[in-house]
Amino acid sequence: MPRYKPYDYRQRQLMSISLEDQIRPGTMEYVIHLLVENELDFSGIEKSYKNDNTGRPAIDPRILFKNILLAHSKGITGSRRIEQACKENILFMALSCGQTPDHSTIAAFVSGMTDQIMPLFQKVLLVCDSQGLLSGTHFSLDGLKLPSNASKGWSGTFDELSVKKSKLDDKLKRLMSDHLDQDKDKSSSDDDHDRRDRQIKKLKRSSERIQKFLDSNEPRLGARNKEKKSNITDNDSAKMSTSHGVIQGYNAQALVDEKHQIIVHGSASGKGQDNDQLEQIMDGAKANMEAIGHGSDYFEGRQLSADSNYHSNTNLKTVIAEKLDAYIPDNLFRKRDSRFKTRDRHKPKTKSKIRYELDKFTYDSQTDTYTCPAGGQLVLYVKRNKINGIVYRTYRSPVANCSDCKLRSECLRTKKTIRRQLNIPIEHHNPQTLSQKMIVKIDKPESGKIYEKRIGVVEPVFGNIRACKQLDRFTLRGQAKVDVQWLLFCMVHNVEKILNYGTLGV
Ligand code: SF4
């Protein structure tokens, strides 16, 4: 028979733990501890404490902030989980000196940081700058769309919400009358009665909630005074489309320095589009650089790269106003790039992809027409057809030609397409527009090389925050609080860079 060492759960052990020894150099908790104790200024936050003469002593905001930063670095965002970590995890216990903040204290602290988060972010940025982690040569901007703590089912224009409310009221009336009928029916059980009662109360609450929202809010107006969808739970968030479908969420922006991917400014907004974000981001970034001792002209002449979602007249005007050396391509940039000519050959062939390219059509300059492979003619339909900032001449074949054509399956995009259309770009048309000037600039080979930096500068930042820090949705509600949450993650990202590339962690 094998022999084992005996064990007894009733035995007692006395363990001596030095909290200070747990915060070892070269770790995230060590850098957070040093930053909070020596660099960050909490005087702004301390003003909100009103217990100088009366009331219970509060937990020091430094203790709370250290634990919140460490929690965010480990993908823990919920206040209850942070509270639990302070009771169970030795690193959190060490950082909080054995104090166990309640989850409501943590939640109130984070929610109350709306005015103080930016000065703290700037202090961390100052440390990054003093450690030589900023190059100031090339900046990349991008946005990350994440779901908010609100359901898109509670979204709609005021008319849509009124319809939703009247549907709920109708259902409520029906249920109440059924309820009365079944009350008279003696065979109905108590369980049925309770279930219907709960259903009625729930519907009543929902209907009252919509009415309260409609009474206390105004419709949100978007571009060209068109009404945008409101959301009853979090009216600052918006419906936005992502590669994974439509979400109710926020668009978190980050402007990142090239050298070590330090975030120089971050903000979250309820705008799904990136086409007018640049001005606000540059204002914030300039304020941050001024706060850490640089001039307001810090970004003048610096390179800025952003993807084609930022290619808009509004953003390009900001580029001019801020004197940036910007590289923001339009969304046909890759199509014009000869290196991407054969990119479709590895894609599975679908019916919409096998249609005839332009080289199968013959142009006749005398008649200004194209002849298709079946011998039919495509005649000029629109002289100036502007699509995404590029002007095309559009040619079309007659429907009668294409309807009986044997080459339909190879020429037309889908079975339902009734005729073939050709869009011929007019090169460098109207080079005076900002968009065209940018297109001419980005098409130069040397510009392509600069633009290529973007993917290595800003994308790893979002990869780190999403995958390693596990931010997959905002848990707070309202623009100001979501901004706090996003800046906390940006700050943690920068602190990690100080740990990995600075001298503070050793
Ligand atoms: S589908 Fe129309 S455009 Fe295409 S080859 Fe046939 S007739 Fe010509």
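The values are calculated or read from the model by the stated rules, or taken from the named source; none is laboratory data. Computed from a predicted structure; not experimentally measured. Positions of Cβ are backbone-derived with ideal geometry, glycine not excepted, and every protein chain shown enters the neighbour counts. Ligands, DNA and RNA are stripped out before the accessible areas are found, and what is left, the full protein with its side chains, is counted by its heavy atoms. Shrake-Rupley method; radii C 1.70, N 1.55, O 1.52, S 1.80 Å.
Taking a point 7 Å from the Cα of Val163 along the Cα-to-Cβ direction, the residues of segment 201-217 with backbone N closer than 18 Å to it are 207, 210-211, 214. Remark: relative contact order (segment 376-456) = 24 percent; criterion is Cα-Cα distance under 8 angstrom and separation of 6 or more residues. Using C-alpha pairs below 8 Å separated by at least 6 residues, the relative contact order for the chain is 20 percent. Put simply, the amide H of Ala252, placed in the peptide plane, has neighbours under 5 Å in Leu144, Lys145, Leu146, Ser269, leaving out anything fewer than 5 places away on its chain.
For Thr242, the amide hydrogen comes within under 5 Å of the amide hydrogens of Ile247, counting only partners 5 or more places away or on other chains and with H modelled in the peptide plane.
Membrane-span-like helices in the chain, defined purely by DSSP H runs whose alpha carbon atoms cover 30 Å or more axially and whose average Kyte-Doolittle hydropathy reaches 0.0, are 479-501. Residue-normalised convex hull volume from the C-alpha trace of segment 70-178: 215 Å³ per residue.
On the principal axes of its alpha carbon atoms, segment 1-158 extends 73, 49, 48 Å, with the longest extent given first.
Segment 1-69 and segment 236-263 have Cα centres lying 33 Å from one another. Using a probe of 1.4 Å, the accessible surface attributed to Val492 totals some 0 Å² when neighbouring protein chains are kept in position.
Taking segment 148-167 and a reference point 7 angstrom along Cα→Cβ of Gln470, no backbone N atom is nearer than 13 Å. Between Gln11 and Asp178, the contour length at 0.36 nm per residue exceeds the Cα-Cα span by 53.7 nm.
Subtracting the Cα-Cα distance of Arg334 and Gln131 from 0.36 nm times their residue separation leaves 69.3 nm of extension gain. Scoring 404-412, 144-152, 360-368 by mean Cβ neighbours within 10 Å over their residues and listing the highest first yields 144-152, 404-412, 360-368. Pair-distance distribution of segment 158-218: all C-alpha pairs, bin width 10 Å, starting at 0; shares per bin in whole percent are 21, 43, 22, 11, 2. Summary of packing: across the peptides 56-66, 249-259, 303-313, 218-228, the per-residue average of other C-beta atoms within 10 Å ranks them, highest first, as 249-259, 303-313, 56-66, 218-228. With a simple spin-label model that places each label point 7 Å from the Cα along the Cα-to-Cβ direction, the separation between Ala480 and Thr54 comes to 2.6 nm. Dipole of the chain computed with +1 at Lys/Arg Cβ and -1 at Asp/Glu Cβ about the Cα centre; of Phe109, Thr242, Ile465, farthest Cα towards the positive end is Thr242.
Stretched out straight at 0.36 nm per residue, the stretch from Asp443 to Asn313 would grow longer than its current Cα-Cα span by 45.0 nm.
So for the chain, what percent of the C-alpha to C-alpha distances run longer than 39 Å? Here the tail beyond 39 Å accounts for 46 percent of pairs.
Cα centroid separation, segment 382-459 to segment 107-136: 44 Å. Accessible surface of Ile76, taken over heavy atoms with a 1.4 Å probe and every protein chain present, rounds to 30 Å². Sorted on the mean count of surrounding Cβ atoms within 10 Å across their residues, most packed first, peptides 194-205, 278-289 read 278-289, 194-205.
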